[in-house]
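Heads up, the thing below is written out as structure tokens.
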Amino acid sequence: MTYDILALQEMLKAKQNGRRFTHTLGVQYTSACLAMKYGADIQKAEVAGLLHDCAKHKKPEKLLKYCQDRQLEITPAQQRQPFLLHGLVGAYVAREKYGVEDEEILNAIKWHTTGRPAMSLLEKIVFTADYIEPGRNQAPNLNELRRISFENLDQAVCLISKQTLDYLEKTPVDIDEITRLTYEYYKETFN
């Protein structure tokens, strides 16, 4: 299936504020670049990158209600911190509102926040692109991480997962167990 990238961009622009939309375009661009590097489908990477935050604008209570109404399985951490649900809900919104039926794209959207063990190539691309896109400037060692992302994607996923855990351990929020499992899996894979 082919997608009208410009139409998707226009639909998202109407839903996202300027900063979020700029980030979205950065993830689209970076996903396409990583797809070229690693031989993934470029259009799928662009669509997944564009739609990765298509539910991010929803308030946490709306994300939770969305999941409850559809009887979607959520983790205890997601129950306590519903903002974590924007990837899961985003996959459903991508299907229902934006017409995406490709499971590979939907999974890349679903797992872009926490990652998961044994991600597909597209999932790893969007997970990584969300962290390293050109507009990001807060993460430690970002330039080095960008370089690594274009040399060894599994190593990049491992380092991003580790940095995410290190950051979350300093905050009062719960850490979703899938984030830990992602790190442990990619630590083993990379080593």
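Laboratory data are not the source of any read-out in this text; all were calculated from the coordinates shown. Computed from a predicted model, the values in this text were never measured in an experiment. Positions of Cβ are backbone-derived with ideal geometry, glycine not excepted, and every protein chain shown enters the neighbour counts.
In table form, for the structure just shown:
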| read-out | value |
| --- | --- |
| Total formal charge among the other residues, if their Cβ is under 14 angstrom from that of LYS124, Lys/Arg +1 and Asp/Glu -1 | -2 |
| Top of LYS37, LYS58, LYS124 by mean-square fluctuation, Gaussian network on the chain, Cα under 10 Å | LYS37 |
| Pair GLU177, GLU96: separation of 7 Å Cα→Cβ label points (nm) | 2.8 nm |
| Fewest-first sequence of SER149, SER31 by Cβ atoms within 10 Å of each Cβ | SER149, SER31 |
| Long pairs among LYS44/LYS170; LYS37/LYS58; LYS65/LYS162; LYS44/LYS97; LYS59/LYS187, criterion Cα-Cα beyond 27 Å | LYS44/LYS170; LYS37/LYS58; LYS65/LYS162; LYS59/LYS187 |
| Segment MET11-GLN68, length gained on full extension (0.36 nm per residue, minus Cα span) | 17.9 nm |
| Contour minus Cα-Cα distance for ALA118 and LEU168 (0.36 nm per residue) | 15.8 nm |
| 10 Å beta-carbon shell around LYS65, net charge (K/R +1, D/E -1) | +2 |
| Estimated dipole of region 135-182 in Debye, rounded to 20 [Cβ of Lys and Arg +1, of Asp and Glu -1, Cα centre] | 220 debye |
| Alpha carbon convex hull of region 1-68, projected area averaged over orientations, nm² | 5.4 nm² |
| Gaussian network model of the chain, Cα within-10 Å springs - most flexible of LYS110, LYS44, LYS65 | LYS65 |
| Ratio Rg/Rh, restricted to the chain and using Cα atoms, in which Rh is the Kirkwood radius | 0.94 |
| Burial ordering of ILE105, ILE148, ILE160, fewest other beta-carbon atoms within 10 Å first | ILE148, ILE160, ILE105 |
